[in-house]
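Structure record follows, encoded as structure tokens.
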Amino acid sequence: MLSKLANWLKPLPDSAPLSDEQQIKRLYRNWRIKMFFGMYFGYALFYFTRKNLDYVKPALSENLGLDVIQLGYIGTTIYLTYGIGKFLSGVLADRCNIRGVMALGLFASSLINLAFPFLPQFQHFLGNMGITLPLVALAALLWGLNGVAQSMGFPPVAKGLVYWFSPSERATKWTLWSSSHTFGAFFVGVLIAYLLKFDAWKMAFVIPAIMGICYSIFLLFFLTDKPTTVGLPPIEVYRNDVMPVEEKSTLSHWEILKKHVFKNPFLWALAISYVFVYYVRFATLDWGTMFLTQERGFSQEAAVSAMKWMPFLGMPGGIVAGYLADRWFQGRCTQMNIIYLIILAASCWGFYLVAGTNHFFWTSLLASFIGFFVDGPQNLAGGVQASRVTVQESVSAACGFTGMFGYFGAMLSSTGAAYISHSYGWKGVYFSCIISCIIAMALIATTWKKEAAGIAKK
């Protein structure tokens, strides 16, 4: 069984190279569109089977008897398994085909979502077998396994973007693709807001699961692997866009990692700043519905309706940040990140002060501001900016390094924000977001002189 799975995941073989230039041009155009949108909507569906839990936390608390701290444990578990799994899945994706890894991850996550609403039945079944397991432990275990499956979403996409889009266009395409996570988080919110009107919280897991299963099968027929798999030349050759290779002939891969990643103080500053950026992102997104229902008197449906605008406005937020960084600062991200973080801190505090059932419009608007301004630093600091303070040969490792730290922040937002709300109230949670913005600004500012437009100083 395992050997068959390994063979199925192997890189797809190269086809005979095509020679007709018109055919190559036509196929490249078609395949690039298919790969981009296949991966875009595929990753959005990963969010349907991950962020759905955050929108139904009040329903889980009411129907399963889970309190805020217990829900925090569940959230921490998925961030832990996702963070570790992201690195391991990256290693796996380098040795496998794009469509196989992505389809397998989405399929496995969908199966876990199908099982999650029936936790009490599983607990009863285990009890009959003599296995006593608290409901919160069972929920954390199952959602932690979901984190492993979810970690198989991004690495094959990153590989696909590198193989199908050349260096000179990759930043634009990457920024556009990165809106898929906010697209998914928004539309799963729309779906769940509708389902909660009928008190169908279980369907918030079942329907995304069915969608994920169907799309994972679709991916196997829609996507391919590298351009050479379908007889096309490598993208750098096709677009005559080969980036210069630096230090590859003199330093080993391990030596490059040591020098330009592990011993790079600027990358460490960005990675640690990413902890605080992700803390703000997930503390506001994951706990927003709980804050609105517990403290501000919103119904579950109204809370989800207000919060769904936060991820939706994140889509243009990240794209605008990248565009303005290029337009105003010649590609440098430090200044743009600081501007965004200042406004983000103000938006967090404004949301806490204004949110209320009598101010639904302003509640939704300020939630939108949070989403818009958190996506700028999220897209720039750990991706584009990280690539500017290292060398080309270690860009993937550098982005993986900052990404891992980001999910340390996500873990902190889950349990940490739960304890803060328990000890200091929701005011303490939103004040901690402001402090996080200030710390992130200070760390990012250390790269002000180091960062240059497009090319890192050695």
- Message: Give me the net charge for the shell around Arg99: Cβ to Cβ below 14 angstrom, other residues only, Lys and Arg +1, Asp and Glu -1.
- Response: +3
- The distance between the Cα centres of the range 16-30 and the range 261-319, in whole Å, is 43 Å
- Note on the range 45-172: alpha-carbon gyration tensor, axes a ≥ b ≥ c; rule is a/c under 1.5 for rounded, else prolate if a/b larger than b/c, else oblate; result prolate
- Note on the structure: Charge dipole of the range 43-98 built from unit charges on the beta carbon (Lys, Arg +1; Asp, Glu -1), centred at mean Cα; most positive-end Cα among Leu88, Leu66, Leu53 is Leu88
- First check a/c for the range 142-193, with a ≥ b ≥ c the square roots of the eigenvalues of its C-alpha gyration tensor; if it is under 1.5, answer rounded, and if not, answer prolate when a/b is larger than b/c or oblate otherwise. oblate
- Task: Output the lone cysteines of the chain: those with no second cysteine's C-beta under 4.7 Å from their C-beta.
- Result: Cys96, Cys214, Cys333, Cys399, Cys437
- Task: Rank by packing, highest mean first: peptides 144-157, 54-67, with packing defined as the count of other Cβ atoms within 10 Å averaged across residues.
- Result: 144-157, 54-67
- Message: Suppose all protein chains stay in the model; what accessible area per residue would a 1.4 Å probe give for the chain, in Å²?
- Response: 42 Å²
- Message: So for each of 27-38, 220-231, 292-303 I average, over its residues, the number of other beta carbons within 10 Å; can you give me the resulting order with the highest mean first?
- Response: 292-303, 220-231, 27-38
- Three-way shape call for the chain based on the alpha-carbon gyration tensor, with the a/c threshold at 1.5: oblate
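If you take every residue apart from Ala204 with its C-beta less than 14 Å away from the C-beta of Ala204, what net charge results, scoring Lys and Arg +1 and Asp and Glu -1?
Net charge around Ala204: +2.
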- Would you mind counting up the charge near Pro120? Only other residues with Cβ under 15 Å from its Cβ, with Lys and Arg at +1 and Asp and Glu at -1. 0
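Carbon-plus-sulfur fraction of the accessible area of the chain, 1.4 Å probe, in percent?
68 percent
Summing -39500 (n - 2.57) over the DSSP H runs of n ≥ 4 in the chain and dividing by its residue number, what mean residue ellipticity at 222 nm do you reach, to the nearest 500 deg cm²/dmol?
It lands at -24500 deg cm²/dmol.
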- Past the 23 Å Cα-Cα mark, which pairs from Lys10/Lys34; Lys202/Lys308; Lys308/Lys427; Lys51/Lys197; Lys86/Lys202? Lys86/Lys202
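The values are calculated or read from the model by the stated rules, or taken from the named source; none is laboratory data. The structure displayed is predicted, hence computed values, not measured ones. Positions of Cβ are backbone-derived with ideal geometry, glycine not excepted, and every protein chain shown enters the neighbour counts. Heads up: the accessible areas ignore ligands, DNA and RNA and are worked out on the full protein's heavy atoms, side chains in. Shrake-Rupley method; radii C 1.70, N 1.55, O 1.52, S 1.80 Å.
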